[in-house]
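Worksheet for the structure shown next.
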Amino acid sequence: MTSSPPQSVLSVVRDAAERLEDARRRHQPCAPVRDLIGAADVGTAYAVQQLGIEARLAQGGSVVGRKIGLTSPAVQAQLGVDQPDFGVLLADMAYDDGAVVPMSRLLQPKVEAEVAFVLDRDLDDGPLDDRQVRHAVGYAVAAVEIVDSRVDDWDITFADTVADNASSGLFVLGARHVSLAQFRPVAACMTLSVNGREVSRGDGKACLGDPLLALGWLARTARELGDPLRAGQVVLSGALGPMVPAAPGDVVSARISGLGGVYFSFSDTTDGGPA
């Protein structure tokens, strides 16, 4: 991912990463890290994210993809930011359609529905233009991302969320796989329901104008940072509408036209281990 920061900021990066990891381990939200890294220092924020991911990998984790965050104007408005970011998806974040998701793994979750892409080609060479990015997609699938924050009360700036792995939590993928020959992401319409009540609505244009444009942005950004997207990886392309809070026992379902639905429930207890 990012190159190592200058020696002068290494201790700051370590302190910020340790604060966030301690919050995850203790299952207790922490203060924002912008007092350590600044509210807008993107490079240092990604260095903190990288250190946190390296710690998870050292504990046995494995990378399965990326998530793009802050692609929807509605979500950007909710968090007071004006640009996308990305985080890393690990294998233990993934749940299948119909799963019961342990609330004990989360601190202050919210849910958002989006288009996920699964790649069947590397995106490490060439122009990474619209045509190449489209042809790298094996299939699309409906997804719900369960975003979460280790920062107390979601009191985040752009740097806070980047450092916190783009406020990643968990994700659930639908069962239906659809090729791009049969599905136009920009034309997708989304509805998200909690306990049978519609709570969010949106469309493909809300995701940077087109979820495929979001994927292209990520492909170019990831290559620039030295960690390009690879065949087999999952990419959560970004919210199609506003995210909404989730509570123990909630039943969540989303439908995305052309992709079908995805459904899961949260356990009814918050007791348990780390987020």
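Taking segment 174-187 on its own, how many of its residues are surrounded by 21 or more Cβ atoms within 10 Å (Cβ to Cβ) and within 24 Å of Ser265 (Cα to Cα)?
Residues meeting the conditions: 1.
For segment 37-52, enumerate the residues that are over 12 Å from Phe158 (Cα atoms) and among the polar types (S, T, N, Q).
Gln49, Gln50
Read through the list (1) part of a loop (DSSP other than H, G, I, E, B); (2) touching a Ser or Thr at 6+ places or on another chain (Cβ under 6 Å), then give the number of the only condition that Asp82 fails.
Every listed condition holds for Asp82 apart from (2).
Kindly list the number of the only condition in (1) in a loop (DSSP other than H, G, I, E, B); (2) touching a strand residue (DSSP E or B) at 6+ places or on another chain (Cβ under 7 Å); (3) under 19 Å from Val81 (Cα atoms) that fails for Ala214.
(1)
Considering Ala40, Ala77, which residue is part of a helix (DSSP H, G or I), surrounded by fewer than 23 Cβ atoms within 10 Å (Cβ to Cβ) and over 16 Å from the mean Cα position of the chain (by Cα)?
Exactly one of Ala40, Ala77 is part of a helix (DSSP H, G or I), surrounded by fewer than 23 Cβ atoms within 10 Å (Cβ to Cβ) and over 16 Å from the mean Cα position of the chain (by Cα), namely Ala77.
Yes/no per residue for (1) surrounded by fewer than 18 Cβ atoms within 10 Å (Cβ to Cβ); (2) assigned to a strand (DSSP E or B); (3) among the small types (Gly, Ala, Ser):
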| residue | (1), (2), (3) |
| --- | --- |
| Gln108 | no, no, no |
| Glu114 | no, yes, no |
| Gln132 | yes, no, no |
| Ala140 | no, yes, yes |
| Ala143 | no, yes, yes |
| Ile146 | no, yes, no |
| Ser149 | no, no, yes |
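Considering only residues that are more than 18 Å from the chain's Cα centre (by Cα), closer than 30 Å to Val42 by Cβ and in contact (Cβ under 8 Å) with a residue 40 or more places away in the chain, which ones fall in segment 186-204?
Correct list: Ala188 only.
Mind checking which residues of segment 91-106 are surrounded by fewer than 20 Cβ atoms within 10 Å (Cβ to Cβ) and either in contact (Cβ under 8 Å) with a residue 40 or more places away in the chain or of a type in the set (A, V, I, L, M, F, W, C) (or both)?
Scanning segment 91-106 gives Ala91, Ala94, Tyr95, Asp96, Asp97, Gly98, Ala99, Val100, Pro102, Ser104.
Looking at (1) in contact (Cβ under 8 Å) with a residue 40 or more places away in the chain; (2) part of a strand (DSSP E or B), which is the one condition that is false for Pro242?
Pro242 satisfies all of (1) in contact (Cβ under 8 Å) with a residue 40 or more places away in the chain; (2) part of a strand (DSSP E or B) except (2).
Residue under question is Ala175, and the condition is that it be touching a residue at least 24 places away in the same chain (Cβ under 8 Å) and in a strand (DSSP E or B); does it hold? Break it down into steps so the answer makes sense when it comes.
Values: touching a residue at least 24 places away in the same chain (Cβ under 8 Å): yes; in a strand (DSSP E or B): no.
Judged against the criteria, Ala175 is not a match.
For segment 193-232, name all the residues that are closer than 19 Å to Leu90 by Cβ and buried (at least 20 other Cβ atoms within 10 Å of the Cβ).
Scanning segment 193-232 gives Leu218, Ala222, Leu229.
For segment 181-206, which residues satisfy the criterion of being in contact with a Gly (Cβ under 9 Å, 6 or more places away or on another chain), more than 14 Å from Ser257 (Cβ to Cβ) and not in a strand (DSSP E or B)?
Scanning segment 181-206 gives a single hit, Asn195.
Test Gly87 against the stated conditions and say whether it is at pLDDT 95 or above and touching a Lys or Arg at 6+ places or on another chain (Cβ under 6 Å).
Yes: the conditions hold for Gly87.
Scanning segment 151-166 for residues that are among the aliphatic types (A, V, I, L, M) and either in contact with a His (Cβ under 6 Å, 6 or more places away or on another chain) or in a helix (DSSP H, G or I) (or both), which turns out surrounded by the fewest Cβ atoms within 10 Å (Cβ to Cβ)? Steps first, please.
If we filter segment 151-166 for residues that are among the aliphatic types (A, V, I, L, M), which is where we start, we get 151, 156, 159, 162-163, 166.
This time we only want the ones that are either in contact with a His (Cβ under 6 Å, 6 or more places away or on another chain) or in a helix (DSSP H, G or I) (or both), so: 159, 162-163, 166.
Numbers: Ala159: 26, Val162: 28, Ala163: 34, Ala166: 23.
Looking at residues that are among the aliphatic types (A, V, I, L, M) and either in contact with a His (Cβ under 6 Å, 6 or more places away or on another chain) or in a helix (DSSP H, G or I) (or both), I get Ala166.
The values are calculated or read from the model by the stated rules, or taken from the named source; none is laboratory data. These figures come from a predicted structure and were not determined experimentally. FYI the Cβ positions are ideal-geometry reconstructions off the backbone, even for glycines, and counts take in every protein chain you see.
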